[in-house]
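Below is one structure; the comments refer to it alone.
What follows draws every value from the coordinates through simple rules; no lab data is involved. Values in this document were obtained by computation on a predicted structure and should not be read as measured data. Glycine gets a Cβ as well: all are built from the backbone with ideal geometry, and neighbour counts include every protein chain shown.
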Amino acid sequence: MLIVMHHHATRAQIDQVIATVEELGYRAEPIPGSLRTAIGVLGNQGYVDDSTIRNLPGVRETIHVSKPYKMVSRDFHPEPSVVDVSGVRFGDGEKPVIIAGPCSIETEQQMLEAATQVKAAGAQMLRGGAFKPRTGPHTFQGLGVEGLKILQQAGRASGLPVVTEVMRIEQLDVICRYADMLQVGARNMQNFDLLKEVGKTEHPVLLKRGMSATIEEFLAAAEYIVAEGNKRVVLCERGIRTFEKATRNTLDLSVVPLIREMSHLPIIVDPSHATGKRSLVSVMSKAALVAGAHGLMIEVHPDPAKALCDGAQSLTGAGFAELMGEISGLLQYLGH
């Protein structure tokens, strides 16, 4: 439930409402805004009887929110959120953020070369996987902690904040030491224990949509993180599983404007994993920005033919530089 206060409600009246909510056994979440002060009621397992609350001084109205996500919804938080990652800002009013780098961290030379290339082309963040969730157990699974050290070194050398995936709760502490942003991948979008622990950290989180997740399930997963206190969440559309086999996944660009209507959280798009084809990455990157994405995550490898993971969807440094030139012109047209 959402309690909307009159714009002239006093601090004492707001405190009285909060105290009443807590006396009823629920959690009160004050939501200050430029046009209104609201109080979210959390922790209920079903319908909340609002008869007591509705008649308190200063209360304008109560709104019953039936969605499984509340704190990430526009109902609870009408103003769009901006998420800051070591000075790189995701959200409305900010220039779209381009995250780039290889799928997997392979060697120090490969990572440093990739970081140099994407930085020179204009990327604002560096990506790279140290722990890799792979479909087959006999494929390259990543370098682990050694990879994290290489990623941090490459990020510092290029001046780019870094993001990498966390797969298990026991990896959290070490990844937080080396990465500026935690990525929760598609396969872990509904790993609720992991989401809760990620929510207890102070690290920004990039949450990827599960391959078969509805938009409601996607936002409910973000709710798990935010409900634990971590409000620095960026959503990522990376394609969903459909009957189509011509591409790796089916890129659902309609999710971008829909999420922007339904949630205050920023959303970016990963056209590399979505399409699985190098030839499609450029056009779908630009389409995502036209749709309103707050950024892109693009795979770039110094030598895709020798990549240990996802070489077919990775751009070369030159290819990425060409795309960034096209994106620059498009952003000028879009008013960024």
Integer Hz, Karplus 6.51/-1.76/1.60 couplings in order for segment 90-107, x for Gly and Pro | 9, x, 4, x, 10, 5, x, 8, 10, 9, 9, x, x, 4, 10, 7, 10, 9
Within straight cross-link reach of LYS70, meaning Cα distance under 22 Å, which lysines are found once same-chain residues fewer than 8 apart are removed?
-> LYS196, LYS200, LYS208, LYS231
Can you give the extra length, in nm with one decimal, that the chain gains between HIS8 and ARG177 once fully stretched, where that is 0.36 nm per residue apart less the Cα-Cα distance?
-> 56.3 nm
Looking only at aspartates and glutamates whose Cα falls under 20 Å of LYS149's and that sit 8 or more positions away or on another chain, we get GLU106, GLU108, GLU113, GLU165, GLU170, ASP173, ASP180, GLU299
In nm, the gap between the two label points placed 7 Å beyond Cα toward Cβ at GLN16 and VAL283 is 6.3
For segment 72-185, what does the alpha-carbon gyration tensor say about shape, rounded, prolate or oblate, given a ≥ b ≥ c as the root eigenvalues, a/c under 1.5 as rounded, and a/b over b/c as prolate?
-> oblate
Kindly give Rg over Rh for segment 2-63, based on alpha-carbon atoms, with the Kirkwood expression for the hydrodynamic radius.
-> 0.92
The answer for VAL85, listing residues at least 5 apart or on another chain whose modeled amide H is closer than 5 Å to its amide H, is PHE90
Could you give the angle, 0 to 90 degrees to the nearest 10, between helix 108-121's Cα long axis and the longest principal axis of the Cα atoms of the chain?
-> 70
Using alpha-carbon positions, what is the distance between the centroids of segment 276-308 and segment 317-334, in Å?
-> 12
Proxy exposure order for MET181, MET1 (fewest C-beta within 10 Å first) is MET1, MET181
What is the log10 of I(q)/I(0) for the chain, computed with the Debye formula using one identical point scatterer on each Cα and no solvent, at q = 0.08, 0.15 Å⁻¹?
-> -0.40, -1.18
Return one number: the angle in degrees, 0 to 90 and rounded to the nearest 10, between the long axis of the Cα atoms of helix 278-291 and the longest principal axis of the Cα atoms of the chain.
-> 30
Measuring from the longest principal axis of the C-alpha atoms of the chain, the long axis of helix 145-158 (C-alpha) lies at a number of degrees, nearest 10, equal to 90
Taking the alpha-carbon centre of each part, the distance from segment 73-135 to segment 155-186 in Å is 11
Residues of type aspartates and glutamates that LYS67 reaches as a straight line, Cα spacing below 20 Å, ignoring anything fewer than 8 places off in the same chain | GLU29, ASP49, ASP50, ASP75, GLU79, GLU216, GLU217, GLU223, GLU228, GLU261
Could you list the square roots of 5 times each eigenvalue of the Cα gyration tensor of segment 216-281, that is, the equivalent ellipsoid semi-axes, sorted largest first and rounded to whole Å?
-> 25, 11, 11
Per DSSP loop assignment and a cutoff of at most 15 other beta carbons within 10 Å, the chain keeps its longest run without exposed chymotrypsin sites (Phe, Trp or Tyr not before Pro) at 141-242
Looking at segment 30-105, which trypsin sites (Lys or Arg not before Pro) are DSSP coil and have at most 14 other C-beta atoms within 10 Å of their C-beta?
-> ARG36, ARG74
Most mobile of ILE53, ILE268, ILE98 in a GNM of the chain (Cα contacts under 10 Å) = ILE53
Put in order of increasing Cβ neighbours within 10 Å, starting from the fewest, HIS273, HIS64, HIS77 give HIS64, HIS77, HIS273
Have a look at the DSSP beta bridges in the chain and tell me what percent are antiparallel, nearest 5.
-> 40
15 Å beta-carbon shell around SER51, net charge (K/R +1, D/E -1) = -3
